[in-house]
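Let me begin by presenting the structure, written as structure tokens, before commenting on it.
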Amino acid sequence: MVEIKGFLETSFIDWKGKLCSVLFLPHCNFRCPYCHNHPLILHPEQYESIPLEAIFNRLHSLRDWIDGICLTGGEPTLHPELPLLALEIKKQGFQVKLDTNGSHPQMLKRLIEERLVDYISMDIKAPLDPFSYRRSAGVSVNIESLWRSIEILKEEKVDYEFRMTVVPELHTMEDLLLLGHQVRPGPRIVLQNFNPENPLDPSLRKTPPFDPLLLKEMEKTLQKMV
Ligand code: SF4
């Protein structure tokens, strides 16, 4: 079974409109300079693994409050046992939300086909070209895999969103428009402002976030791109 390295009992912010618990899975194949969960991806051994049974015991007492469980990380789709974990959660009667960077479309396909996931939030890091993506993800990324994940989500066999963290050092407004023209995300896209607190690349600590009003306007523009 997948090692679980963190458990947040209740969250209002990880699944829009729902109260959920959050399970944090270790490791990631990306190294986004703005990542806040970098201890979990660089040094997961620092965290004790939490037995799933202990989590379920706690969740039973929260059953009347919790709508579902968010699986995040790290990158959950790196773990071949992810479908089994989702199945166990489903058996307990909870809905499942998955956060992913979209690099493993075959895992998304399987989770959707086997009805093991109710909502997928896919991070898009930059316009879909190798140079832009490498800069924002910190590693070379197979762009074809990302396109495949985007296509799978756009088939609308599961509820989903595209989410992008916008970082002034990495993204311009032109980048966002280009991304909008490429992906045509429609109302499914959410822009998230960069938070300079404790990023993977310490030089970003001095980077102020975007003007929130400007970002909201850009989000509305992208949401009209269908
Ligand atoms: S994909 Fe997510 S978890 Fe992985 S490095 Fe980027 S922000 Fe961090």
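Quick notes on this one:
- Segment 1-34 - residue that is under 13 Å from the mean Cα position of the chain (by Cα), aliphatic (A, V, I, L, M) and in a loop (DSSP other than H, G, I, E, B) and, of those, farthest from the ligand (Cβ to nearest atom): ILE13
- Among residues of segment 25-43 that are farther than 8 Å from GLY74 by Cα, those with a beta-carbon under 7 Å from a residue that is more than 7 Å from the ligand (Cβ to nearest atom) and part of a helix (DSSP H, G or I) at least six positions away or on a different chain give the pairs ASN29/LEU78; CYS32/SER136; PRO33/LEU204; TYR34/LEU204; PRO39/GLN46.
- Total residues in segment 102-123, condition surrounded by 15 or more Cβ atoms within 10 Å (Cβ to Cβ) and either polar (S, T, N, Q) or more than 16 Å from the ligand (Cβ to nearest atom) (or both): 10
- Within segment 62-77, residues that are under 19 Å from PRO105 (Cα atoms) have Cβ atoms under 8 Å from residues that are within 16 Å of the ligand (Cβ to nearest atom) and basic (Lys, Arg) in these pairs: CYS70/LYS97; LEU71/LYS97; GLY74/LYS5, counting only partners at least 6 apart in sequence or on another chain.
- Selection within segment 35-70 - of a type in the set (Phe, Trp, Tyr) and either away from the ligand (no atom under 16 Å from the Cβ) or modelled with pLDDT under 95 (or both): PHE56, TRP65
- Total residues in segment 144-163, condition touching a helix residue (DSSP H, G or I) at 6+ places or on another chain (Cβ under 7 Å) and not in a helix (DSSP H, G or I): 5
- Condition check for ILE152: more than 28 Å from GLU219 (Cβ to Cβ), β-branched (Val, Ile, Thr) and more than 13 Å from the ligand (Cβ to nearest atom): no
- Within segment 1-19, the only residue that satisfies the criterion of being surrounded by 14 or more Cβ atoms within 10 Å (Cβ to Cβ), under 28 Å from HIS171 (Cβ atoms) and hydrophobic (A, V, I, L, M, F, W, C) is TRP15.
- Within segment 73-93, none of the residues are modelled with pLDDT of 95 or more and assigned to a strand (DSSP E or B).
Table: residues versus (1) within 14 Å of the ligand (Cβ to nearest atom); (2) assigned to a strand (DSSP E or B); (3) more than 29 Å from LEU42 (Cα to Cα); (4) out of contact with any strand residue (DSSP E or B) (no Cβ under 9 Å at 6 or more places or on another chain).
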{"position": "LYS125", "(1), (2), (3), (4)": "yes, no, no, no"}
{"position": "ARG135", "(1), (2), (3), (4)": "yes, no, no, yes"}
{"position": "GLU169", "(1), (2), (3), (4)": "no, no, no, yes"}
{"position": "GLN192", "(1), (2), (3), (4)": "yes, yes, no, no"}
{"position": "PRO196", "(1), (2), (3), (4)": "no, no, no, yes"}
{"position": "SER203", "(1), (2), (3), (4)": "no, no, no, yes"}
{"position": "LEU215", "(1), (2), (3), (4)": "no, no, yes, no"}
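- When CYS28, CYS35 are checked against the criterion of being farther than 16 Å from HIS104 by Cβ and buried (at least 21 other Cβ atoms within 10 Å of the Cβ), CYS35 stands alone in meeting it.
The values are calculated or read from the model by the stated rules, or taken from the named source; none is laboratory data. Treat the numbers as computed from the prediction; the structure is a model and nothing was measured. Here the Cβ is made from the backbone with ideal geometry for all residues, glycine too, and neighbour counts use every protein chain on show.
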